[in-house]
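Trainee: Would you mind keeping the following structure in view while I ask a few things?
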Amino acid sequence: MKHLTKIFAILIVLASANFAQNEWSFDPTHTTIGFNVTHLVITEVDGKFKSFDGKIVAKDDTFEDAKISFTADVNSIDTENEKRDAHLRGEDFFNAEKFPKLSFEGKSFEKVGEKKYVLTGDLTMRGVTKEVKLDVKMNGIVTDPWGNTKAGFHISGALNRFDYGLNWNALMEAGGAVVSKEVDLDMNIQLVKK
């Protein structure tokens, strides 16, 4: 009987190890949730969200099975111009009063090459949810001077803001749009293992 109890205990430990999950959180001081749009057809304007939260759960440090969730506070948008930021928070764009958060819920995180992944998930802005695919480069995993395990990623992609109801636009006399409908995403993510 003791022999069976030991075998059962070993099986439980092995099963637990197989289902063990690593949880990672965003390091806000070393993460940038950035974007840029073309302005007046001739230049790009950068912006970012200063307040955000996210969680990643993965079986191991390859992140191939990662479950990813993320939210950003729309009121924290920052393009280094308060008048423009107020316009972006208003009804013409994000309507932050009615839709204060944007969110992303990952569906898959697929390795497609050396340190390269495709992240697929549902992005919700202004009450509209659409599937997006983002390109991810894994920059590596290190232990910082304080003993924390950190992982770094660069995420890029593009989306059509009109798909999410961010429809404000004006045309110039020459015919080009004041603000492009395509938004380029440019995010540098540093995670810390819990």
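Trainee: Add +1 for every Lys or Arg and -1 for every Asp or Glu among the other residues with Cβ under 12 Å from the Cβ of Phe35, and state the total.
Mentor: -4
Trainee: What is the local net charge at Met138, summed over the other residues whose Cβ is closer than 11 Å to its Cβ (Lys, Arg +1; Asp, Glu -1)?
Mentor: Taking every Cβ under 11 Å from that of Met138, the sum is +1.
Trainee: Sticking with this one: Which whole-number percent gives the relative contact order of segment 21-193, counting Cα pairs below 8 Å spaced six or more residues apart?
Mentor: Relative contact order of segment 21-193: 25 percent.
Trainee: Related question: Can you bin segment 76-152 into rounded, prolate or oblate? Criterion: square roots of the alpha carbon gyration tensor eigenvalues sorted a ≥ b ≥ c, rounded for a/c under 1.5, prolate for a/b above b/c, oblate for the rest.
Mentor: Judged from the Cα gyration tensor, segment 76-152 comes out oblate (a/c at least 1.5, b/c at or above a/b).
Trainee: Decide, for segment 21-193, between rounded, prolate and oblate: order the square roots of the alpha carbon gyration tensor eigenvalues as a ≥ b ≥ c, take rounded if a/c falls under 1.5, and otherwise choose prolate if a/b is larger than b/c, else oblate.
Mentor: Prolate is the answer for segment 21-193, as a/c is 1.5 or above and a/b outweighs b/c.
Trainee: Can you check what the net charge comes to around Gly152, using other residues whose Cβ is under 13 Å from the Cβ of Gly152 (Lys, Arg +1; Asp, Glu -1)?
Mentor: Neighbourhood net charge equals +1.
Here, each number is a calculation from the coordinates, and none is a lab measurement. On a predicted model such as this, the values are computed, not experimentally measured, just so you know. So basically every Cβ, Gly included, is an ideal-geometry build from the backbone, and we count neighbours across all protein chains shown.
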